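Working notes for the structure below.
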Amino acid sequence: MSDIKTIGVLGAGQMGGGIAQIAAASGFDVCVFDSFPGAIDKCKGVHKKSLGKFVEKGKMSQADADTALGRIHFVDKVENLTGCDWVVEAVVEDAKVKKDLFGKLAAMYPDPKVVLATNTSSISITEIATACGATASRVVGMHFFNPVPLMQLVEVIPGLATSPEVVERTTRLATKMGKTPLKANDRAGFISNRVLMPMINEAFYAWMEGVAEPEAIDGIMKLGCNFPMGPLRLADYIGLDTCEKIMGVLADGLNNERYRACPRLKQLVVAGRLGDKTGRGVYEYPGK
């Protein structure tokens, strides 16, 4: 990947921060954009803590961790995200927000060799690419999984206009970052969330309909199906608002109301109980 020196990342949250960390640890210079107050400082703290754990476990030397931290730079205006050879967007799961950003990126980076990748977990790559007009062929889905430094998979999703060369380059870049790239076609939810999210949604229905309480639902799935985390606990970890948005994308994209979010899930989102990030969702997380 000698043609890629600097990777730009839009979003300093869980996903964007994780992508930035593994890119830096893989030898790339990284520039991270986020305009949300406090997001950059929080991301810096997460990077230091995460890399510190790798050092403690003997998976990385302190010198390599310090070098990786030194490769990451931050900007709070998207206009300052310049000089990148590859850009990965990792902001809120909202098609309009993403398309607005990709329109700006297409203007900032007129060179079609600069790939514009999206970390969307469910939204149509073809739809996002329309914001790039004549250069839609360089837009690709590059779906990392949370927590990014630990999870092995990257779903690679070409849109209708994505060129085979961009798919091949994306596959090579994911491999360079130490991930296993697997290709999925551009359908709502791709593979991972088309299978996972309806299961999570069904767990909410089971809870709402009184089949069992959350602890029992999660315990049964962990002990009976060998899941590392129960579906309701996983929903809290992902963010209940994100789960609701993805179910909406599935329902609209697949033209089937059976994918619509469970009323209990919607109720918790309305109440502001979004999971780990708010300290309360299906479960409570004191101190968060």
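The values are calculated or read from the model by the stated rules, or taken from the named source; none is laboratory data. A quick note: this is a predicted structure, and the numbers were derived from the prediction, not measured. Ideal geometry is used to build each Cβ from the backbone, glycine not excepted, and the neighbour counts take in all protein chains shown.
Remarks
- Taking (1) closer than 19 Å to Lys99 by Cα; (2) of a type outside the set (S, T, N, Q); (3) modelled with pLDDT under 95 in turn, Val32 satisfies each apart from (3).
- Odd one out for Asp186, checked against (1) touching an Asp or Glu at 6+ places or on another chain (Cβ under 8 Å); (2) under 24 Å from Ala95 (Cβ atoms): (1)
- Applying the criterion of being aliphatic (A, V, I, L, M), in contact (Cβ under 8 Å) with a residue 60 or more places away in the chain and not in a loop (DSSP other than H, G, I, E, B) to the residues of region 238-263, the residue that is farthest from Ile200 (Cα to Cα) is Val249.
- Test: Arg194 is of a type in the set (Lys, Arg) and in contact with a Leu (Cβ under 8 Å, 6 or more places away or on another chain): yes
Let's see how each residue does on (1) of a type in the set (A, V, I, L, M, F, W, C); (2) part of a helix (DSSP H, G or I); (3) modelled with pLDDT of 95 or more; (4) surrounded by 17 or more Cβ atoms within 10 Å (Cβ to Cβ):
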residue: Arg194; (1), (2), (3), (4): no, yes, yes, yes
residue: Glu202; (1), (2), (3), (4): no, yes, yes, no
residue: Gly210; (1), (2), (3), (4): no, no, yes, no
residue: Glu215; (1), (2), (3), (4): no, yes, yes, no
residue: Leu265; (1), (2), (3), (4): yes, yes, yes, yes
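- Meets criteria (touching a helix residue (DSSP H, G or I) at 6+ places or on another chain (Cβ under 9 Å), closer than 23 Å to Thr6 by Cβ and not charged (D, E, K, R)) for Ser163: yes
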